[in-house]
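Notes follow once the structure below has been shown.
The values are calculated or read from the model by the stated rules, or taken from the named source; none is laboratory data. No experiment lies behind these values; they were computed from the predicted model shown. Ideal geometry is used to build each Cβ from the backbone, glycine not excepted, and the neighbour counts take in all protein chains shown. These area figures cover heavy atoms from the full protein model, side chains too; ligands, DNA and RNA do not enter into them. Shrake-Rupley method; radii C 1.70, N 1.55, O 1.52, S 1.80 Å.
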Amino acid sequence: MSKKPVPTQLPYQQIIAAIEAIPGLESLSDWLVTALGPVTRQRQLMDLLHGRWLGHSLHPALSDVPIGMWVSVPVLDLIGDRTGATLLTAMGCIVSGATAATGAADWSVTVGRDRRLALVHGLANTTVLGLQLASLAARLRGRTGRGRLLSAAGLTAGVAAAYLGGELVFGRALAVDHDAWIYGPSEWTDVAAETDVSEGAVTVVDVESRKILLTRVDGRLSALENTCTHAGGPLNEGTVEDGDIVCPWHGSRFRLSDGAVLGGPATFPVRQLETRTAAGRVQIRGRQE
């Protein structure tokens, strides 16, 4: 009997796997989580850094700003605008501080292999900032040639850091809406008796191979997806507090009446389904494709 071929990883997968296996990443992550504890426990500050007020993660939006500035520097060097190149290098360094803060906030709620890879992503970006600061210092001292080389080195390191960031977002769905690809049911679907849905309590029903949360708020029916938009946590395993439901994984808080996100790290609301009653039964209908 012939043996089945063993699946082989593509080169980029091998690189990612090797990065995740770097000794010491897990212990360093644990130490950093502990050290950042006094900051990450400040809920209002973390909501600001996560981007709940913006409606999606703040870090990816901010990261484009210093990159755009630093990418423009070689162009200004090429046309001989030393002042402009120095100014953009400095501005990129300033904005990257806010970018690092938002990235650290998002990193603080990752776990396992995602946390290890995200830590390397952050360390790579720290290297980028160090090179750009060195470039700025060289330019301010009139050592333009050295400043240009350091800018180029910073951009090169930035490409590697950006690749890891892309893997985290597009390959592992970090900082995306985990309800975005959930649809249906397309037709009104009977799910429960009206008497099964109580004020301020959550009733869990199964619809199309997933769970839906039913409740009443001020007498009105509400149906929400069970998936936390931050990392896909099961909301039915969380707690109900003052008309809100709190995710058991990272503490994101959503309003039961409409799914609005009231506390991070989630930045997207939970999907709400349509509800109606007929002959003493509760029926729901979801978003259409």
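Considering helices alone, the calculated mean residue ellipticity of the chain at 222 nm is -15000 deg cm²/dmol, with DSSP H runs of length four and up weighted by -39500 (n - 2.57) and normalised per residue.
Projected label points at residue 260 and residue 65, each 7 Å from Cα along the beta carbon direction, are separated by 2.7 nanometres. Orientation-averaged projection of segment 6-72 equals 8.1 nm² [convex hull of Cα atoms, one quarter of hull surface area]. Averaged per residue, segment 1-139 has 58 square angstrom of accessible surface, using a 1.4 angstrom probe with ligands and nucleic acids left out. Residues of segment 110-133 with the amide nitrogen closer than 18 Å to a label point 7 Å from the Cα of residue 98, along Cα-to-Cβ, please. Residues 129 qualify, since their backbone N sits under 18 Å from the label point. For the chain, dividing the convex hull volume of the Cα atoms by the residue count gives 201 Å³ per residue.
Of all DSSP bridge pairs formed entirely within the chain, close to 95 percent run antiparallel.
Since only 266, 122, 136 are under comparison, the one whose Cα sits farthest along the positive direction of the charge dipole of the chain, derived from C-beta charges on Lys, Arg, Asp and Glu, is 136.
Site pair residue 274 and residue 44 shows an inter-label distance of 4.1 nm when each label is modelled 7 Å from Cα along Cα→Cβ. Using C-alpha pairs under 8 Å with a sequence gap of at least 6, the mean separation divided by the residue count of the chain gives a relative contact order of 16 percent. Screening the chain for DSSP H helices whose Cα atoms reach 24 Å or more along their own axis and whose mean Kyte hydropathy is at least -0.5 gives 58-78, 82-107, 112-140, 144-166. Peptides 62-70, 42-50 ranked from most to least packed by the mean count of surrounding Cβ atoms within 10 Å: 62-70, 42-50. Solvent-accessible area of the chain (1.4 angstrom probe, protein heavy atoms only): carbon and sulfur portion equals 60 percent.
Treating each Cα of segment 167-289 as an identical point scatterer and ignoring solvent, apply the Debye formula and state log10 I(q)/I(0) at q = 0.21 Å⁻¹. Summing over Cα pairs of segment 167-289 leads to -1.17. Taking only the alpha carbons of segment 28-156, we obtain Rg and Dmax values of 16.5, 48 Å in that order. Remark on segment 63-114: ratio of C-alpha radius of gyration to 2.2 N^0.38 Å is 1.49. For residue 30 and residue 182, what is the calculated FRET efficiency with R₀ set at 35 Å and r taken between the beta-carbons, to the nearest 0.05? Once the sixth-power term is evaluated, E becomes 0.55.
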